[in-house]
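One structure is given here, and the rest of the page talks about it.
Just so it is clear, none of the values below were taken in a lab; they were calculated from the coordinates. Remember, predicted model here, so these are calculated numbers, not experimental data. Neighbour counts are summed over all protein chains in view; Cβ atoms, including those assigned to glycine, are modelled from backbone coordinates with ideal geometry.
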Amino acid sequence: MCRIISIANQKGGVGKTTTAMNVGVALRLTGKRVLLIDLDPQANLSTYLGFTNDEGEPIDDLPTISHLMMVAIGQGKKLTDVKQYIRHNELNDIDYIPSDINLANADCYLAGALSRETVLKRMLTKELISDYDYIIIDCLPSLGVLLMNALVASNGIIIPVQAQKFAFDGLGMLNSIFDQVKATLKPELSLIGVLPTMVDHTNASKRVIEQLKEAYPDELFNTVIHRATEATESTNKHRSLCLYKNRLGEEYKAVAEEIIRREVTT
Ligand SMILES: Nc1ncnc2c1ncn2[C@@H]1O[C@H](COP(=O)(O)OP(=O)(O)O)[C@@H](O)[C@H]1O
Ligand SMILES: [Mg+2]
């Protein structure tokens, strides 16, 4: 059965994209079939994968999730096979649906569309899902309709939390959206885990982890992701941390193992 997982936190810069990419590649390395979906108009995941330039503009003239969303709400060309939007990245051996800056327009159009929270879910057809063990959605830093779409399409969510001051800001709002989606459109949605990121040796970092343990005793991952410059280097090289020897790569592999284990026991 395919697990669809949203990596969500409405704060920017907490490690969502880094987590989506590296958990995806780590799962792939265990032999799982993985599809990454970039659902952020900033398209950082697509840039990580070499699809878009640093401005979020596609390098080639290929369709992205923004075209797919427009088609799905009747604003674009005729609805075609969703598989046409899937690219394969050779270097990281992973399938993905890219994004681009135009997804910001789709977000506006979606606001007026019928059943606007279920567009992505309807696009992820049974046929597509059956090709994968995991679909990982890299969410945008906002609590709008695109995030709702990601949650409604998912079975589970992972929340990366930057282990720094103000880590808890906004988590209450995200939890409340999670609860609303669960209570209305997606009862089986589960919180797979909360992942501390950019952990360092400061007291602030230690304190956040202690507080997260209290707030999420069952959901906090045993693994934490430390702060290391390799993260940015990996993005610049368009190559996952899991493909060469370094601490963060090992940590993301451990997170992937935990995800697989959690799925077996729940
Ligand atoms: N563990 C880490 N240590 C140091 N820098 C990191 C780490 N994880 C991510 N980064 C860097 O922090 C920035 C934000 O990370 P990113 O994954 O893009 O966050 P988000 O998707 O939540 O905005 C990027 O420049 C990224 O390379
Ligand atoms: Mg991001």
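The table for this structure:
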| read-out | value |
| --- | --- |
| Calculated on alpha-carbon atoms, Rg and Dmax of region 20-62 in Å | 11.6, 33 |
| Region 111-266, relative contact order [Cα under 8 Å, separation at least 6], % | 18 |
| The chain: antiparallel DSSP beta bridges as a percent of all, rounded to 5 | 15 |
| Alpha-carbon Debye profile of region 190-266, log10 I(q)/I(0) at 0.11, 0.14, 0.15, 0.28 Å⁻¹ | -0.32, -0.52, -0.59, -1.25 |
| Quotient of C-alpha Rg and 2.2 N^0.38 Å, computed over the chain | 0.94 |
| Over the chain, relative contact order from alpha-carbon pairs under 8 Å, at least 6 apart, % | 27 |
| Å³ per residue enclosed by the Cα convex hull of region 212-255 | 76 |
| Magnitude of the charge dipole, the chain, Cβ model with Lys/Arg +1 and Asp/Glu -1, debye to 20 | 420 |
| Within the chain, helix-based [θ] at 222 nm, where runs of 4 or more DSSP H residues each add -39,500 (n - 2.57), nearest 500 | -12000 deg cm²/dmol |
